[in-house]
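Working notes, beginning with the structure itself.
Values in this text are rule-based calculations from the coordinates and carry no lab data. Everything numeric here is computed off the predicted structure, so don't read it as measured data. Cβ placement follows ideal geometry from the backbone for every residue including glycine, while neighbour counts extend to all protein chains displayed.
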Amino acid sequence: MEHRLQLLGRRTLRIATGTALCLTISFALDLSIPVIAPVFAVFLLATQNRPLSFKAGVALALVVALTTGSGLLLVPLLRHYAFAGVMLVGLMLFLAFRYGLRGGNNLVSTFLVAGLTMVSAAGTADLSLAVTVVGALVKGLVLAVLVAALTHMLFPEPASAGPRPAAQAMPDGQAVRIALRAALVVMPAYLLAITDPASYMPIIMKSVSLGRQSCTTTARSAARDLIGSTLLGGLLAIVFWFALRLFAGLWMFYLWMLLFGLLVGRKLYRVSPTRYSPGFWLNSLVTMIILLGQSVQDSAAGKDVYTAFAVRMGLFVAVTVYACLMLLIFEQRRRA
């Protein structure tokens, strides 16, 4: 029992330290979309108990090239034949989610969905914005991989723990149904982002997280897992914001993120057991990072932080409620 607590404690320290480092370095380097690296780091550290090998790193680089390239290639189609372009994006989202559900790498599936939606949506407004998003995705992924490797060195996994077991492949019929549901969860946020990519890019990131979570959430616990985690993430972002205002500065930004990462990580890894699933806490952490990062950027740009946060939080809740409805509708149709 003591050995297990030590193992879970190391994983908690790893995800908290990695997320805090990625968030702080992103803002210190003034990356164009600074929340990408910490969000990728959360997914990377939560799904991998070992640092990525050279082969896996090359594979991830190829995934980034594939997603950004496919997103840019879809831009002319979306501009001149919008309906056909949107349908093609929906088909590619379905295939990406289905790949993960049929035993593929869920991390790769998540990167495929994020890159495809963010780059193609940005390109419909301005090709230079799409290139900026491509650069942000590549830089964010590279930073997340490097920080993940560093945190694995600082808090190594014991050799006795063994690698994380591979995800089991779902039956084809079930995988098709859940992948279609996840694609439908992402599509409304994507359509909204096409109208104003610069303003609604955080909504895409949130919908990608919801689509990923909807693959493992049942209809019975949808409201608790999806809506509850979104509201908790918003509450954590509010508390973090006011804490940051008390002690402003880059080092305090790192320390506050480390503290919040430890608090959520304890729940995520069951160091402090709760009745909520790990997906609930993972989604709460991702939501907090997205909302907080955007608020810090709004403040630096001189915008009304509280109005922007209220609008963004309202959109997050609306997208989450829609995701719950999709789960309930598909569950009723399955039973029928």
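What to note about this one:
- Neighbour counts of other Cβ atoms within 10 Å put 26, 199 in the fewest-to-most order 199, 26.
- Percentage relative contact order, the chain, counting C-alpha pairs under 8 Å, at least six apart: 25
- Each 10 Å bin from zero holds the following percent of Cα-Cα pairs in the range 87-160: 17, 33, 32, 13, 3, 0.
- Near residue 94, once Lys and Arg are set to +1 and Asp and Glu to -1 for all other residues with Cβ below 15 Å from its Cβ, the sum equals +4.
- Our Cα-only numbers for the range 1-137 put the radius of gyration and Dmax at 17.2, 62 Å.
- Mean Cβ count within 10 Å, highest first, over the residues of peptides 111-119, 249-257: 111-119, 249-257
- CD proxy at 222 nm, helix term only [per DSSP H run n ≥ 4: -39500 (n - 2.57); per residue of the chain; nearest 500]: -28000 deg cm²/dmol
- Over the range 174-272 - Rg/Rh using Cα atoms and the Kirkwood inverse-distance radius: 1.05
- Ascending count of other beta-carbon atoms within 10 Å, so fewest first, for 271, 42: 271, 42
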